[in-house]
Amino acid sequence: MSLQVELVSPEEVVLTTTASMVLVRTTDGDIAFQPGHVPFVGVLLPERVRIYGDDGDTQLIAVHSGFVEVSGDKVAILSDVAELAGDIDTDRATAAAERARAALVEDPDDTEAAAALKRAEVRLTVAAGTAI
Ligand code: ATP
């Protein structure tokens, strides 16, 4: 049995695939969904989503916000900002990380800069395939 996974942004269906397991980070912590999971709705934190494909491949996606809903064997990820690994511009993310780090040196309490740094770090680890 497989999970039917759909990743949707306001503009488009970013990805549909089947999976044996989907790993997300929510405000309730890291959760791994497998077929048969009880219905669940959670708020996603900026983090990689790891999809363990039926074919044995894993896929990493940078997901920066949104919701995950599990119902039956369907996993729906609804996100305003999400990028597949291959769509990430690493130069842009590196520049964003540098800007955010500089802002945090100026003001360690700059929450916008801390959030921007987190987004950039997620993008870089997803693009490199090193996200845990
Ligand atoms: P930047 O400072 O480089 O704009 P950001 O974290 O502020 O980065 P967001 O506001 O999270 O950017 O995203 C704005 C749009 O740009 C979204 O559609 C997002 O998918 C896209 N985006 C941002 N950074 C990258 C990147 N490094 N590679 C690909 N798309 C990106």
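Just so it is clear, none of the values below were taken in a lab; they were calculated from the coordinates. Quick caveat: nothing in here was measured; it's all calculated off a predicted structure. A quick note on method: Cβ atoms are made from the backbone with ideal geometry, for glycine too, and the neighbour counts reach across all protein chains shown.
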V81 paired with E112, simple spin-label distance in nm, labels 7 Å along Cα-to-beta-carbon: 1.2 nm
Residue of A102, A62, A32 that the Gaussian network model of the chain assigns the largest fluctuation, springs spanning Cα pairs under 10 Å: A102
Under 11 Å, Cβ to Cβ, from L15 - net charge with Lys/Arg +1 and Asp/Glu -1: -4
FRET efficiency, R99 to I31 (Cβ-Cβ, R0 30 Å, nearest 0.05): 0.40
Base-10 log of normalised Debye intensity for the stretch 88-131 (one unit scatterer per alpha-carbon) at q = 0.21, 0.28, 0.32, 0.34 Å⁻¹: -0.59, -0.88, -1.02, -1.09
Diffusion constant of the stretch 43-129 at 10 °C, which comes from Stokes-Einstein with the Kirkwood Cα-pair radius and 1.306 mPa s, µm²/s: 114 µm²/s
The chain - percent relative contact order, Cα under 8 Å, separation 6 or more: 22 percent
Full-extension gain in nm, D91 to T58, via 0.36 nm per residue minus C-alpha separation: 9.5 nm
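Let me check I have the definition right: for the stretch 3-85, take the eigenvalues of the Cα gyration tensor, multiply each by 5, take square roots. What are those semi-axes in whole Å, largest first?
In descending order the semi-axes read 16, 15, 12 Å.
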DSSP-loop GluC sites (Glu not before Pro) across the stretch 8-81, with at most 12 other Cβ within 10 angstrom: E11, E12
